[in-house]
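What follows is one structure encoded as structure tokens, with my remarks underneath.
The values are calculated or read from the model by the stated rules, or taken from the named source; none is laboratory data. Predicted model only: the values in this text are computed from it and were never measured. A quick note on method: Cβ atoms are made from the backbone with ideal geometry, for glycine too, and the neighbour counts reach across all protein chains shown.
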Amino acid sequence: MYYSSIGILALIVHLIINFEAMRPNKRTASTPSRSRYRAFLLSVILYYVADLSWGILYEFKIIPVCYIATDLFFYSMSLTLLFWMRFIITYLNKKNAFSVILKYAGGGIFLIQILILAINFFYPVMFTFETDGEYVPGVARYSILGIQTLLFALIAIYPLLVSLGKEIGHKEKLHNHAIGLSGFMMTVFIILQNWFPLMPFYAVGCLLATCVIHSFVIMDQRDEMDNQLGSVKEKAYKDPLTNVRNKTAYMEMKSAMDPLIKKGIMNPFGVAVFDVNDLKKVNDTLGLNAGDKYLKDASHIICEQFKHSPVFRIGGDEFVAIVEGEELEHADDLEKTFEDLITQNKETGGIVIASGMDVYKAGTDNSYDDVFNRADEKMHIRKKALKGSEAIR
């Protein structure tokens, strides 16, 4: 029962780690790679069942049924190889000579195996059983396993060589590592299986190789989920009209900064507050579409001047920029440049934006709002000044 115990253990581990991937759902069938991965995993189950069944039947010398189990063993082995090749082609996603070899080698070995099993029924070229029930492997068995050894050696060597190239990306390199390592494991254990026909080395190789592939496939799925979540989060935090960050993102930013300010470990920062003048007038006289364009253009002006600062739209015509790093070091110049631009816009009939900026004072400010309120007060003073110069005109 030693032989069967390995197959049983391999089957249990396989089912545990690949349960989610084998479930028929929209995710596993959404791409050719996932669909073929699932087919490969199911074929491995068939192989494990055939392998452990063979071990039990051979142990108790139930030869007629064991003969059928042996046929199923070799059939499922070649089927596993066929689906493995198909999965590798889609997983690596490369149309080259390597993919062509895998495509025809997997299908070719499968068809040859079926033909040999049919011949073996009349003439024992694959295997036979002696009158005392002893299993005797045939020449064709060694030949088939030898061809598989060469194929898996190619699968081990080629992807690992490709992964050494400097032109491929990190993710593609990981894919090649996964396939190369799995191919190396299968090469070793098929050689051992060839030498020791009554030992379940092929099952052990399948178990280790599928564990390796599983780790990388799951990693890919997590990356995809992270990208999807990141995309959803980005959309949730972006103002749909101006494409700057919205009020939700702004409130989360404040919530993150306040504890750091209270602990006295907040990095230096500045707050620039903006109010777009005449939005109501544009909406009333030219319509809402013109008002939307007015806001977009105003947002563009702010973002162009504060290129390295996150900009938030916190109200209908109100924006805030959090100034850090190099822009904070030149905050006075940045503020003056922006005001000069707006003054010029006012004189030429362009978009007018009132602004005010102030910086965080460590040891004095107890919250983000302390900085914001000073900047907001400066913005209102600037707004009155802009309105006043308009009245004088």
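In the set (1) over 19 Å from GLY205 (Cα atoms); (2) touching a helix residue (DSSP H, G or I) at 6+ places or on another chain (Cβ under 7 Å); (3) surrounded by fewer than 18 Cβ atoms within 10 Å (Cβ to Cβ), ALA140 fails one condition alone, (3).
Could you identify the single residue in ALA140, ALA105, ALA118, ALA153 that is touching a residue at least 40 places away in the same chain (Cβ under 8 Å), in a helix (DSSP H, G or I) and aliphatic (A, V, I, L, M)?
Among ALA140, ALA105, ALA118, ALA153, only ALA105 is touching a residue at least 40 places away in the same chain (Cβ under 8 Å), in a helix (DSSP H, G or I) and aliphatic (A, V, I, L, M).
Which members of the range 276-319 meet the condition of being part of a strand (DSSP E or B) and of a type in the set (D, E, K, R)?
Here is the first cut: in the range 276-319, the residues part of a strand (DSSP E or B) are 276, 311-313, 318-319.
The answer is ARG313, GLU318.
The set of residues from the range 73-99 being over 16 Å from PRO197 (Cα atoms), aliphatic (A, V, I, L, M) and either crowded, with 19+ Cβ neighbours inside 10 Å or modelled with pLDDT of 95 or more (or both) comprises LEU79, LEU81, LEU82, MET85, ILE88, ILE89, LEU92.
Cβ-Cβ distances below 6 Å connect the following pairs, each with a first residue in the range 269-281 that is under 12 Å from HIS380 (Cβ atoms), a second residue that is among the acidic types (Asp, Glu) and in a helix (DSSP H, G or I), and a separation of six or more residues or different chains: VAL273/ASP376. Screening ASP365 on (1) under 43 Å from the mean Cα position of the chain (by Cα); (2) exposed (fewer than 15 other Cβ atoms within 10 Å of the Cβ) shows it passes everything except condition (2).
Restricting LEU92, LEU57 to those that are assigned by TED's automatic domain parsing to the domain that holds PHE216 and more than 30 Å from GLU172 (Cβ to Cβ) reduces the list to LEU57.
Could you tell me how many of the residues in the range 292-307 are farther than 15 Å from GLU335 by Cβ and not charged (D, E, K, R)? Result for the range 292-307: 6. I'd like to check something: does the range 320-334 contain any residue that is assigned to a loop (DSSP other than H, G, I, E, B) and without any contact (Cβ under 8 Å) to a residue 24 or more places away in the chain? Yes, there is a match, as at least one residue in the range 320-334 is assigned to a loop (DSSP other than H, G, I, E, B) and without any contact (Cβ under 8 Å) to a residue 24 or more places away in the chain. Taken residue by residue, the range 273-282 has at least one member that is of a type in the set (Asp, Glu) and in contact with a helix residue (DSSP H, G or I) (Cβ under 7 Å, 6 or more places away or on another chain).
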